[in-house]
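Quick notes on the structure that follows.
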């Protein structure tokens with residue numbers, strides 16, 4: 001699998017900004033216009049290091065598809081590829097987790113509200129019992145900014161909190177993600193006006209303690225990113241993010257202290273897809 005290999009989030013920002021034709025100063029949208037069906041292509045990469053030495057590299061590519069079902073969207077991952085590699089070792093395909101293969105139902109509001117997310121499967125199936133209901137909302141929050149009620153001028157800041165509780169399930173945690181948004185400006189790509197929203201989030205989580213009736217706090221995870229919203233279509237068309245997390249225990253035994261990651265997503269059929277995949 002081949003992903004765009006940028007060394008920092010700023011490099012991706014510069015890459016898209018280089019397609020700019022002129023600046024625009026029109027207000028950003030206050031509502032999305034969700035079509036009956038759409039899809040994002042998502043790519044991410046993470047690297048775990050011991051000091052400056054690369055220990056493990058992990059890459060993932062997939063499509064995230066949406067189709068209207070009654071008053072919610074049916075959402076699922078498609079064409080998922082997960083691969084890990086290490087210096088001196090060829091790439092290895094990684095197994096799927098339940099969230100990679102199951103369908104979800106989720107409410108997606110006009111201002112980016114994410115509600116009523118649940119796996120669309122029979123709870124009697126083991127994979128369904130293991131799937132985390134919060135996996136999809138947490139993923140969507142990187143792609144879909146929560147819009148303010150009023151038109152936001154450049155530099156305006158607002159906040160959104162997404163709570164989750166998966167503790168009844170294996171691998172489940174309870175916690176919240178607080179995201180702070182800021183209007184970063186406007187640009188035009190291939191004659192298409194885009195609204196730029198920058199964000200920073202803090203995720204705090206608590207995990208069940210085996211054998212005890214309580215929850216242990218996890219290490220807070222901070223992320224930052226930016227989303228480009230097509231003003232005409234009123235849809236997010238490009239998102240990118242970066243962050244760092246505590247490395248798993250098996251990697252810490254190899255001297256790894258943290259894992260840095262970054263990713264991007266673009267709306268299929270959008271002007272950004274044309275820029276990123278001109279062929």
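Read the figures in this text as sums done on the coordinates, not as results from a lab. All values reported here derive from a predicted model rather than from experimental measurement. Glycine also receives a Cβ, built like all others from the backbone with ideal geometry; neighbour counts cover every protein chain displayed.
Some points to look at:
- Ellipticity at 222 nm from helices only: DSSP H runs of n ≥ 4 in the chain, each -39500 (n - 2.57), divided by the residue count, give -3000 deg cm²/dmol.
- Distance between the 7 Å Cα→Cβ label points at residue 161 and residue 68: 3.3 nm.
- Summarising the label geometry, the points placed 7 Å from Cα in the beta-carbon direction at residue 36 and residue 125 lie 2.6 nm from one another.
- Extension gain, residue 273 to residue 51, is 76.3 nm, computed as 0.36 nm per intervening residue step minus the present C-alpha separation.
- The protection proxy used here, the mean number of other Cβ atoms lying within 10 Å of each residue, ranks peptides 141-153, 231-243 as follows, highest first: 231-243, 141-153.
- Mean separation of Cα contacts under 8 Å, 6 or more apart, over the residue count of the stretch 186-279: relative contact order %: 22
- Ranked by the mean number of other Cβ atoms within 10 Å per residue, highest first, peptides 76-87, 191-202 order as 191-202, 76-87.
- Contact order, relative form, for the stretch 22-276: 19 percent (alpha carbon pairs under 8 Å, 6 or more residues apart, mean separation divided by residue count).
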